[in-house]
Every structure is written in C-alpha cells, then in structure tokens.
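> Please find one structure pasted underneath; my questions will follow.
The values are calculated or read from the model by the stated rules, or taken from the named source; none is laboratory data. Here the structure is a predicted model, which is why all the values come from computation and not from measurement. Cβ sites come from the backbone with ideal geometry, for glycine too, and all protein chains shown count toward neighbours. The accessibility values were calculated without ligands, DNA or RNA, using every heavy atom of the protein model including side chains. Shrake-Rupley method; radii C 1.70, N 1.55, O 1.52, S 1.80 Å.
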Amino acid sequence: MDRKTTENASNGEKKPTSPNADLKMEFSEFWQYSPAPESSDHIELKERYDLFIDGAFVPGKKGRMMKTINPATEEVLAEFTEATSEDVDSAVKAANRAYEKTWSKLSGKDRGKYIFRIARMIQEHAKDLAIIESMDGGKPIRESRDVDIPLAAAYFFYYAGWADKLDYAFPGRKAEPLGVCGQIIPWNFPLLMLSWKIAPALAAGNTVVLKPAETTPLTALKFAEICKDAGLPDGVVNIITGAGPTGAALVDHPDVSKIAFTGSTEVGKIIQKSLAGSDKKFTLELGGKGPNIVFEDASIDQAVEGIINAIFFNQGHVCCAGSRLLVQEGISEKLISKLKQRMETLIVGDPLDKNTDIGAINSRMQYNKIQEYLEVGVQEGATIHQSSCEMPEKGFFCKPTIFTGVGQSNRIVQEEIFGPVLTIQTFRTPEEAVEKANNTPYGLAGGIWTDKGSKIFKVSQQIRSGVVWANTYNKFDPTSPFGGYKESGIGREGGLHGLYPYVRLSANR
Amino acid sequence: MSTNTIPDFNTTVSIDKVGVEERVSRLNKRSIKKESKMQALKLALSMIDLTTLEGKDSEGKVVQLCRKARVPYAPMPELPSVAAICVYPNMVSTAKKALQGTEINVASVATAFPSGMAPLQVKLDDTKYAVEEGADEIDMVISRGEFLKGNYNLIFDEIAAIKDACGDAHLKVILETGELETYENVRKASDIAMYAGADFIKTSTGKISPAATQPVTLVMLEAIRDYYQATGKMIGMKPAGGIRKAKQALQYLVLVKETLGAKWLTPEWFRFGASSLTNDLLMQIVKQETGVYQSSYYFSTD
Amino acid sequence: MSDRIEILKTYKTYVGGKFPRSESGRTYPIRDVDDHIIANACRCTRKDVRDAVIPARTAFSGWSEKSAYNRGQILYRIAEMLEGRKDQFVNELQRGGMKTKTAEKEVELSIDRLIYFAGWTDKYPQVFGSINPVASQHFNFTSPEPTGVVAVISSDESPLLSIVSLIAPVIAGGNTCVVLASESYPLSAVSFGEVLHSSDVPGGVVNILTGYRKEMLDHLTKHMDVNAVLNCITDKEIRKLIDENASISVKRVHHYPVDDWSDDTHENPYLILEFQEQKTTWHPAGI
C-alpha cells in the first residue's frame, strides 16, 4: 500500500532551496477545521422580558419595549422593557427599602453567604450564560466560555469573602455602606461588568439598581433569575433595562448614593457633569487608547501573540485594548511581518463556533463607526492591511486590520475605535516610546515588551495608566484593581481597591 | 539575519515561558470535529515513526512491528501506512528487509543513543554503520553536557560531522529537551542544529522525562519558521516520546498548522516518534467510521 | 516701642519658585479686624492661573520621581524652616486679628502637621498598595502614584494651618499644586511660600496665588492641565461649579469642608489617598 495514494499525504511540496523563493506561509490551503458550533437549541429565552424590581419581574409602567438582536445573524432574540423614570423610581425605592429593612440589618457573614451562593449559581449556569452572552453580544464562545463567565463567577466569589472582613480592609477606619448604588454597564463584557459592579457593592452592604446596555440585556436578566433562585432578599438587586434616558434617570435619582458607570469617556463626562453638586459618590471606567510598546529585546513570538491578544480580544471592543502598537525601529519590519502572518490564522465568524477567534461586531452602529474609521485611516494616508480570512455573509463582521505609516496626529491614533483595528508606529528610544505612549488624554492601560527587568520597572512607572501589562496583555483577575488615569476614569474596580468606592469611611476610635 | 550567515549562538533568543504556554493552551482549544478530525487522524497515522528502542529488541519483534507499519489495521486496508520504522542500528537491516517494496523508511538512532556520551569517532562509526546497513534516516543525539557548558561550537561541529557521515540519509537531530530545561536552550539548540545541517529537529530520545511537550514543540516550530524565513530552507519537526493519544496528536497538528502552515502538514516534514499512538489513532478512526467506541482488544499490539 | 519707621512687606505671589507680582499688576487691600489696611495682596486673575499651572506641570515629573525618602526629608525641612520663623508667622496672624496664644498654637500645629505628613511619604504606598494573588502565572502588584497637578481652593479659617494642612498631603503624595489662598487672609499663605522657597522644595511644586476667588476659580478648575481639585469652600453654587468644570477633563474632586483645622482628624493618610492613582502591574513568572 502506498501512503502517497491517501488524500492527505500528497501535500508535500518541492522543498524551496533558494531564499528568494516565495516564503509566504500558507495557513488556509489544507486541513480546514470543520464547523464546531456550540448548540444553542436548549437555550430558553423568553419572548419578552420585564423589569426585575423588588424581587419580581414586573412590566414597565408605560409598556414600551425594545428589541435585542443577535449581531451575527441580525435576528431578534427577545424583547425587553424600556424602563421610564417612573420605573427607575420604583426600582430605586425598592432598593432603598431593601437597604433599610433587610440588607443593612444582615451580618457581613450572611451577606457573604448570599454572594457566595450567587457565585456558585453562575458557575452552575456557566455554559448557558456563555452561549447567551455570545448570542446577544457577538463575542466568540471561546471567550465567553473561558473568560467572561468564569471571571464573573470569580468576582462574586472574591467579594463574597470580603463581606465579613471589611474591618481589615481600611486601616484605622470603619467601613460603612453608602445605600443604593446606581450602576450602568456597557455591552462589551455584559455579565463580567455586572459582576465587577454588583459583587463589591453587595459585599460592602449596599443595594443595587443596575442597567445593562440596550444591545446586551440578556445575561443581566438571566442574572436576575439567579438572584431570585438564590433567595436573595427582594430589592437588593434590581435590574432595569433601557437606553440612555433610563440611565440618565438613574443617575439623576435623588435617592441614589453612588453611581458606577463603565462606558465611553463622552458619556462619562456627561454623567460627571450631571452629578455636579449632588454629593453622590461615583466611579467612572471610561475609554482608552492603550499603547503597547515592543522593545527590540522582547521575546518576539510572545510579543506577537500579546499584540494579537491586546487588539483582537473581543473584536477589539475592550476599553483597555492595546490599540496603539509602538515598535522599536530595529525590529519593526520583522515584527510586522510576523504579525501579519499570525493574523492569517485568525478565524472570523460564527460567535458560537468553538474555533472562532473574532466574532461579530456588537451592533450595526458600532460596525458603522469602525467602517468610518477604516475610511478615515485610508484618507489620512495610512497603509491598511487586513487579513485574508473568509467572512460570513450575514451579520456585522470586521476583518482584523492594521494600519502602518501613521503619525501621532492621525485621528486613528488619537481616537478610540473600539474595534479590531491596530495602528502601528515606530520609535527609536525608550524616552520617545514613553512620550508617545503618554501623548493622549486617556490613561487606562498599556503594555511593555522587553526581556530587561529594569527597563520594565522604569517604563511602567513612566506610563500614566492604571494598568500596565509587562510581557503580557489583557489579563484580568478579581484580586487585581483596574481603572484609569486622566480621562480614562476615576476609581478602581477589582481587588481591595475596588471596595473603596462602595464604602463610607469613618474614624475608628 | 541574512542568508547563509550563521548566527552567534552565544546570544540568546529570549522566550517567555508563560507566553509560550498560554499560546499552546489557546491552540489546544481548537475543536477538531467531523471531516477535519478524520482527515487529521489519518494524517497523523501517516506521520508516525513507529519506534522500538529497547535493550530487549529482537529481529522477531522488529519484523512484527514492520508488519504493523505496512498495514496498521487489516480491516481497513485503505488506511495509510506509517512514515517510518525507528530502531537501533543493529536492527536496521532486519527492518529494511521487512519493509522492502514499500515507501516506509527505516530510521536508525545513532551516535551513542540515548546519552551521546562517547567520542566523536565512535559516533561517526555508529552513524556510518547504520547508513551502510540501509538506514534512510539517522536520529542523532546532541551532547547535552557540552551544550549546557556553553560549548556551542562543539555541538555545531559535531552535528555537521554527523551530517557528513549520513551521506544521502536524512539527519534528525535529537535535542533531548527534557535535559535542556529552558525554552531558550531549546531554541538555541534548534538553531544550532538547523544551521549545522539538520534535516529534522526532534525533541527527545524517549528515555528522559519529560519527553516531548507541546510548548517545547511550539518553540521548535517557531525556530523552524524563523530559519525558513531567513534561509528559504524547510526543516522537519519530530516530537517524540509521551504522545500516546489521538487527541494529543491532533493538538500537535494544530500547532504545526497554525505555526508553519499547510506545507509542513505532511510526513515529509512532520513526524511523531511514537508507538502506542498508532492504536489510539486507529481506534478513533474506527470510532469515527462506525460511531461505536472501541476496545483495545480489537487492535494488534505489535 | 522704638520710633523707627517699619519697613512694610510687599506681598507677592509664589509661582515656579519665584515671587512674581500678578500679571495685571493689580492688588487688593487686606484689612485687619479694625478695618485698617495692613497690606496689599496681589489680585491674580486668569493669566496668573495660566502662568501658575505651567510650572506646576513642569515640576510634576521631577517631584513625583523623587524618592519617597527625599520627599519626606523636604517636608521635614519645611517644618524646620517654619519653626525657625515662628515669630514672624505669629506676628502676621496677630496682625490679622488673632490672639497671641491662638496664633502660637496655630503655628505650632502647622509645624507638627508638616512633620506628620513628612513621615507618611514612604509609608502610604505600603499601606495603600498591594500584592495581588492572581490565579494565573503572573506576579501582580498595585501601587499608588500621584494624580498630577492639583488645584487647591483653600479655606478662610486658620489661614496658615489650613493651607499647610491642604498642601502637605498633596505634595507628600508627589503631586504639585496651584493654591488659591484665602481671599480675606492671604498673607500667611504668601509668607509660607517664602518658607517653601527656603526648604529645598523644587520651584513649581507649590504655587500660591492670591486674589478674588471668583476671578480665578473658574479658570483654574476648568484648566485641562489640572488633574484634580481639593476644595474647602462650602458654598453650594461654588461646589457645583467646581464639579461641573471638573467634568470637562474628568478631574478628581475632593470637597473638604472643615470647621476646626486644629482637630487631629486632619492628620490621616486617607487625604493623601484622595490624590493618588493606583497602578497595577502584571508580569509573567516563569523561567
């Protein structure tokens, strides 16, 4: 039997002997992965979702409904309620009652037990939550399954433990809850952002009214069901759905003691302004334009992987994305060539397929915005390069894109695109790298790649941002504080520091 | 790095351990199903260097192994044969005879395998003997002690000399990565081997634990990629030892596919040094064909 | 009492380590309790705000990168210099109408407060930083870093003690500041500038302006190169204005209404924390 007769073994090509031969790597011509979609048949979604107020699902007072679609198929997944200011008011009232009557009366230990219970129930429902997250938001199932949902559970687990240990959190101070927290979360990591908000708030003894984004309300509504199943006292967590006006009503409500917002810098500023004179505490986690600095002594293959992870994770819908690559001139050619090769192996497609690396852009609006920036980049004279991947016919998808030949003054370098679009600039000295890195109103996160420890410590100190990933990127952990400098926000979420925005400290003597 | 320029092996290509392992863990999440799975199982089967390297090896054992190499599973004669048989030098002629009329190669370990603790002349004689006996491929070991001492030129010269002694036989250079410990050493040894004339680089003898691992393999594949881009020459890769399950084999193929691309997905450029892997691949193939989970009783254990 | 005619001090501002007059050259009279003019203070306006933010920004990188130990020594040095000029400050406070005992106490408390914060410079990063036990193969730590340029809107009470209590935690934490001195009693603030000047505090770290708040506050709190505001004014409209102005560049605002500056509750490291950013650094751990 001749093995050459089998279909697969005949793939050997003539060995190129000249360095001038075509050295392009071929990633797509042989052995394609068959579709491996996660089944969504068993997912139970209601046709319409009411508001979750005071422990029950209740219809909105005006009965206005909105629709959420699957951005990969453009099909409607469910209808949900647009909460009016009246609805917001009843949610805040419920939260206030729960705060006064039950939650603030509970011991830290008992609060902790409820939060632990929620953590466990998220783990139990992990798979379904991951599928719903991918359907509603377009993110690849690999990420919702391996990152979003396990991390969301981990945040609840972490903060649950703090509930009865607050006396140890702030030296010399007694930590007391604030009351009702109004929380507004974005569409890029729906359940994960919910956990960043709700877990520390509850642990510190507050009650919550949370509004998920209008394009991704489903996991928050599923979370409401979990709260119910966990027996969480009525009104401790209230989930109200809607768009900007609903959020504004929550921000403006006089009985809310604290606002936590994650979203764009533009909206963050509006919220900060509308809170002026109110004495409400607030945390803002806003936009970014993260510099990712690669020095010539970096571990280059891991740096390439880090660059990919920095900008293409979650379709680039990441506030801390490493969207500005700064490469030292000596290695830029080699690095960019490796990067382009690596981009060829990225699979864009069905978010529910386990092999998908880049899913759907979250909404038509965001898709249009990204397309506009791609045009701007070309108009600004930058060189665009996109991977040659196959694209789905339906839905909102964007090819992984890099721009070379850009300058610091270009809009695509200055403005947050929030998509799979990377700009690449070169630098010559560490000082120049730091200067370019900091030359932005943002300061959320940045990356440094070098094999030299002392360079890492110096450069990371000089970068004005709340997170520095050295020789890694886009890592998250419940114990690790996250948040921005400058216009990227105020306050920290995660870790011990993430408790601080949810407490009032008084002298402990 | 310009063409044909030998790099300075005293400089180290830096490699971040955690980054390599994260990359492997991400690649391990590829889901290989349906047709792509069947295709990969058959491909993996065709890439096996079916190996027996024991002190108790005998002609009888080798002949039986060769039969397995030709027809891995009699009920499915359409399946590919394996790529090669890998034996000690004194078994080469037996294997060669048993495989006459097939395209299955005979590979021989040489150079005082597995330790390499012998003078160069002994290693050269060992190699020449195996080639004269008919070996198509020579699997040599590097002198790890000298490598760890920093005698990189000695390693380079030794490989170049063995390559010379190989004549037309293909040279696989075993780095014994389990004894090199760091990924940076693995990378350096890979570069030395390739620039010194290796046709293949191979992870392990199978006598040291850990043997082949996926992170080590990834580092070596990346070295092969960089060498290819610098010189235009393709070098083959052979992880060996510890690869027993079909699932692992598929994961290795994903590593190859996404690092080097389709050109390397052939027995000419990628091999598994393994023995028990064969049956697990066969069981999976039969499972895919019949939908019935298999038992080892039904698969020959030669 | 001798018959000698006293030399009256000209009060200027303290900006960038120098003592310039206001850009406009205008002054306004400072009166004692009996409504006698005791001095003329610079009436700073928009352009003085502009000119004060520039050195504050320039000084930031040098000051924030000084070792914590060094910053502590400099703060201690300020206390030493103030101790040496105690009489001058007591005198000045008396002329503003303060009783001798009260004035003495105020100066002493000011000195002690400086020493209190001097001691914090190399400790608060330990108290407020952390090593975070992340679940992956990474070493991860969080440490506080100064926010940047802080606008300090000071109080009209306890003119020396208040300004010391406000400036000390801000600069102990590595920030630089632009201070709007008390409108009605700015003299101690300006004299304190002289103490700073002679205490190894690099020029630009503290910048002190005098004048009418309404002519400066809006410009200062809107300024895009100001990162944070520490405000002691309790007036609701002013507070709201500050908050609104802060929002145009996401400034951090800490309102700090104080009745009694002598209270030792003002000695706590949480004031330093108000003007710190927490930076979290990740690095893989592997060979």
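> Please count how many residues of region A:390-407 are out of contact with any helix residue (DSSP H, G or I) (no Cβ under 6 Å at 6 or more places or on another chain) and within 26 Å of A:ASN314 (Cβ to Cβ).
Number satisfying all stated conditions: 11.
Conditions tested, residue by residue: (1) closer than 24 Å to C:ASN268 by Cβ; (2) within 15 Å of the chain's Cα centre (by Cα).
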site	(1), (2)
C:SER143	yes, no
C:ILE153	yes, yes
C:THR210	no, yes
C:LEU220	no, yes
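> Within region B:195-229, can you find the residues that are crowded, with 24+ Cβ neighbours inside 10 Å, more than 23 Å from B:ILE162 (Cα to Cα) and out of contact with any Ser or Thr (no Cβ under 7 Å at 6 or more places or on another chain)?
Result: B:VAL219, single match.
> Here are some conditions: (1) closer than 27 Å to A:GLN32 by Cβ; (2) open to solvent by less than 10 Å² (accessible area, probe 1.4 Å); (3) at pLDDT 95 or above. B:LEU250 meets all but one. Which one does it not meet?
Result: B:LEU250 fails condition (2) only.
> If you take the residues of region C:252-261 that are of a type outside the set (Val, Ile, Thr) and either under 17 Å from the mean Cα position of the chain (by Cα) or within 8 Å of another protein chain (Cβ to nearest Cβ) (or both), which of them is surrounded by the most Cβ atoms within 10 Å (Cβ to Cβ)?
C:TRP261
> Would you pick out the residues in region A:32-55 that are modelled with pLDDT under 95 and over 30 Å from A:LEU346 (Cβ atoms)?
Scanning region A:32-55 gives a single hit, A:GLU44.
> Pick from A:GLU305, A:GLU333: which is assigned to a helix (DSSP H, G or I), of a type outside the set (Ser, Thr, Tyr), surrounded by fewer than 20 Cβ atoms within 10 Å (Cβ to Cβ) and not assigned by TED's automatic domain parsing to the domain that holds A:VAL256?
Just a single option satisfies the conditions, and that option is A:GLU333.
> For region B:72-180, give me every one of the helices (runs of 4 or more DSSP H) that falls completely inside it and has 3 or more residues that are modelled with pLDDT of 95 or more and either among the acidic types (Asp, Glu) or open to solvent by 30 Å² or more (accessible area, probe 1.4 Å) (or both).
B:92-98, B:120-132, B:144-149, B:152-166
> Given the residues C:ILE233, C:ILE242, which is the only one that is more than 9 Å from chain A (Cβ to nearest Cβ) and of a type outside the set (S, T, N, Q)?
C:ILE233
> Looking only at residues that are acidic (Asp, Glu), within 13 Å of another protein chain (Cβ to nearest Cβ) and within 25 Å of A:VAL76 (Cβ to Cβ) in region A:336-393, which one is surrounded by the fewest Cβ atoms within 10 Å (Cβ to Cβ)?
Residue satisfying both the conditions and the ranking: A:ASP353.
> Mind listing whichever residues of region C:40-63 are open to solvent by 30 Å² or more (accessible area, probe 1.4 Å) and closer than 17 Å to C:VAL201 by Cα?
Hits for region C:40-63 are C:ILE54, C:ARG57, C:THR58, C:SER61, C:GLY62.
> Follow-up question, since we're still on this one. Restricting to region A:134-162, what's the tally of residues that are part of a helix (DSSP H, G or I) and in contact with a strand residue (DSSP E or B) (Cβ under 8 Å, 6 or more places away or on another chain)?
Counting residues in region A:134-162 that are part of a helix (DSSP H, G or I) and in contact with a strand residue (DSSP E or B) (Cβ under 8 Å, 6 or more places away or on another chain) gives 3.
> Looking at (1) under 30 Å from B:TYR195 (Cα atoms); (2) within 9 Å of chain A (Cβ to nearest Cβ); (3) touching a helix residue (DSSP H, G or I) at 6+ places or on another chain (Cβ under 6 Å), which one does B:PRO80 not meet, given that it meets all the others?
If we test B:PRO80 against (1) under 30 Å from B:TYR195 (Cα atoms); (2) within 9 Å of chain A (Cβ to nearest Cβ); (3) touching a helix residue (DSSP H, G or I) at 6+ places or on another chain (Cβ under 6 Å), just (1) comes out false.
> Mind listing just one residue for me: the one in region B:36-71 that is buried (at least 16 other Cβ atoms within 10 Å of the Cβ) and of a type in the set (Ser, Thr, Tyr) and, of those, farthest from the other protein chains (Cβ to nearest Cβ)?
Per the stated criteria, the residue is B:THR52.
> Looking only at region A:469-509, count how many residues are touching a Lys or Arg at 6+ places or on another chain (Cβ under 8 Å), within 7 Å of chain C (Cβ to nearest Cβ) and over 22 Å from C:SER249 (Cα atoms).
Here the count works out to 4.
> Quick one: in region C:272-287, which of the residues that are part of a strand (DSSP E or B) and away from chain B (no Cβ under 14 Å) is surrounded by the most Cβ atoms within 10 Å (Cβ to Cβ)?
C:THR280
> Within 17 Å of B:LEU27 (Cβ to Cβ) and open to solvent by less than 20 Å² (accessible area, probe 1.4 Å): which single residue out of B:THR266, B:THR259, B:THR278 fits that description?
Going through B:THR266, B:THR259, B:THR278 in turn, the sole match is B:THR259.
> Identify, please: which residue in region B:189-233 is within 18 Å of B:LYS17 (Cβ to Cβ) and among the small types (Gly, Ala, Ser) and is, among those, nearest to the other protein chains (Cβ to nearest Cβ)?
This residue is B:ALA223.
> From A:ASP229, A:ASP164, A:ASP128, A:ASP148, which residue is surrounded by fewer than 24 Cβ atoms within 10 Å (Cβ to Cβ) and free of Cβ contacts under 8 Å to residues at least 60 places away in the same chain?
A:ASP164
> Pick from region C:120-141 the residues that are more than 8 Å from every other protein chain (Cβ to nearest Cβ) and more than 14 Å from C:LEU271 (Cα to Cα): which of them is least open to solvent (accessible area, probe 1.4 Å)?
Result: C:GLY129.
> Still on this model: When both residues are 6+ apart or on different chains and their Cβ atoms are under 9 Å apart, which pairs have a first residue that lies in region C:87-116 and is in contact (Cβ under 8 Å) with a residue 12 or more places away in the chain, and a second that is among the aliphatic types (A, V, I, L, M) and open to solvent by 70 Å² or more (accessible area, probe 1.4 Å)?
C:GLY96/C:VAL33; C:GLY97/C:VAL33
> For the subset of region A:30-51 comprising residues that are outside any loop (DSSP other than H, G, I, E, B) and open to solvent by 60 Å² or more (accessible area, probe 1.4 Å), which member is nearest to the other protein chains (Cβ to nearest Cβ)?
The residue in question is A:PRO37.
> Further, regarding this structure: Mind telling me which of the residues A:ILE448, A:ILE456 ends up being in contact with a strand residue (DSSP E or B) (Cβ under 8 Å, 6 or more places away or on another chain), surrounded by fewer than 22 Cβ atoms within 10 Å (Cβ to Cβ) and within 14 Å of chain B (Cβ to nearest Cβ)?
One residue alone meets the criteria, A:ILE456.
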